[in-house]
Amino acid sequence: MYWRRIAELPTWMRAVMLGQLVSAAGALAWLYLTLYLVQDRGMSAQQAGFAAAAYGVGLVGGNLFGGWIGDRFGLRTAAVASQLTWAITCAAMPLAPNAWLAALGALAGLCGGATRPNLSALVAISLPAERRREGIALSRTASNAGFIIGPPLGGLAAAYDFSLVFVFDAVTSLVLALVIWRWVPTARRVHQAAPMRGSLDRSLLILLAMIVVVDTACRQIYVTMPLLLRDAGSPPVAYGVLIAVNSVLIVCLEAPLAIRLRSHHALRVIAAGSALVGVGLAVLGVWPALMGAVLAIIVITAGEMLYKPTATAHVADLAPEGMVGRYSSLYAAASVSGMFLAPALGGVAYDHVPRLLFPVAGGLAIAAAAVLALTRPAAARDALPSESTVRRSSGS
């Protein structure tokens, strides 16, 4: 049944999923950025950290404003333009002087971040309301499958010549841009939407705020969990295996789970997922060892599979005509906010109160889940006509 439902998706969407897999497999440049800057460019750890931080700031900005550009000029056009610019920045990184690297990193983050809300909006408007969560989950599945493949290949390329990492990233980004340009149907120009001011529903604002809390808590598995495992005596490879387990579980289970839960109320599913994230983090607080981390990753991943595709689709459901891209941008920015909040807050907490970090992070995620569970839902909009010429048949 699962594979049959994939076959029922529009042809262009299946092509884009394949392009996402290829692009994610090559998304290596910024994964290895700090190591590259220190090892090959002779920068200090502090200088490399500033360059990486500039990329993170750009990434948040791209997620926040990319959908606005998509609504104005077309989601397809914006997605292609952001991928092309991303490819150029990747190719330029090995050639640019050190003084330019932070600015280039910020530009790269801006371009890379802009792709995500536009692709999410394209997926949302291509499917009927009852299949949007499923479509978003399948899109995430394709990307996570690429993340499983990519890092080992990147490690091999870096061992031979670090510049190949950036070339590989640029080429695979061009593949996704070509797929979007070739297969995604051209939609007519979006009518000018009403101003955003005053149009945001209270429940949407609450959801976005709680997503910031949950994302900041959840990203401690990338920021401070490696330190926890190191201090517990676990080898670095153990952490790598745990992160791989996260991606494998998402690839295998997220889309089927979205299909099973598609009729359940969105905010309740998001609240349940947020609560699981909190429980998983609390496990690390009471069992700070490798086996505790294994259990925590399984529980946290279950929470991610519940809340992330559901929240992405739910925000698209709430979007008025002509504003699907910018609503998707609002959610995308909230959902990556932890990339700069988590390192700052988690690093300080781990230095001063390490035993309290994970219980407090878990408690915040559980509190966010309670707020979401008690939030009165807004009426979702079934029709998203802002790019209505994106055909829904499997042959489009």
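The values are calculated or read from the model by the stated rules, or taken from the named source; none is laboratory data. What you are looking at is a predicted structure, and each value in this text was computed from that prediction instead of being measured. Virtual Cβ from ideal backbone geometry, glycine too; neighbours counted across all protein chains shown. Just the protein is used for accessible areas: all its heavy atoms, side chains included, with ligands, DNA and RNA removed. Shrake-Rupley method; radii C 1.70, N 1.55, O 1.52, S 1.80 Å.
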Legend entry - Whole-Hz couplings from phi, Karplus 6.51/-1.76/1.60, listed for the range 240-251; x for Gly and Pro: x, 5, 4, 5, 5, 4, 4, 5, 5, 4, 5, 4
Legend entry - Per residue solvent-accessible surface (Å²) - the chain, probe of 1.4 Å: 43 Å²
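Taking 10 °C and 1.306 mPa s as the conditions, I'd like the Stokes-Einstein D for the chain in µm²/s, using the Kirkwood hydrodynamic radius from alpha carbon pairs.
It diffuses with D of about 75 µm²/s by this estimate.
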Legend entry - FRET efficiency, H265 to D161 (Cβ-Cβ, R0 45 Å, nearest 0.05): 0.30
Legend entry - Mean Cβ count within 10 Å, highest first, over the residues of peptides 104-110, 215-221, 8-14: 215-221, 104-110, 8-14
Inset, instruction - Rounded to the nearest Å, what's the spacing between the alpha carbon centres of the range 167-186 and the range 217-280? Just the number, please. - result: 29 Å
Legend entry - Two-site label geometry, W287 and A129: point separation in nm, points 7 Å out along Cα→Cβ: 4.1 nm
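Quantify, in whole percent, the carbon and sulfur part of the accessible surface of the chain (1.4 Å probe; protein heavy atoms only). Intermediate results must be reported in sequence, preceding the final value.
Details: 11710 of 17060 Å².
Carbon plus sulfur share of accessible area: 69 percent.
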Inset, instruction - May I ask you to order 164-175, 338-349 by the average number of other C-beta atoms within 10 Å around their residues, highest value first? - result: 164-175, 338-349
Inset, instruction - Determine, from the Cβ-Cβ distance of A373 and V248 and an R0 of 41 Å, the FRET efficiency 1/(1 + (r/R0)^6), rounded to the nearest 0.05. - result: 0.90
Legend entry - Backbone HN-Hα couplings from phi across the range 308-321 [Karplus 6.51/-1.76/1.60, Hz, Gly and Pro as x]: 5, x, 5, 5, 4, 5, 5, 5, 5, 4, 7, 6, x, 4
Legend entry - Backbone HN-Hα couplings from phi across the range 282-287 [Karplus 6.51/-1.76/1.60, Hz, Gly and Pro as x]: 5, 4, 5, x, 9, 9
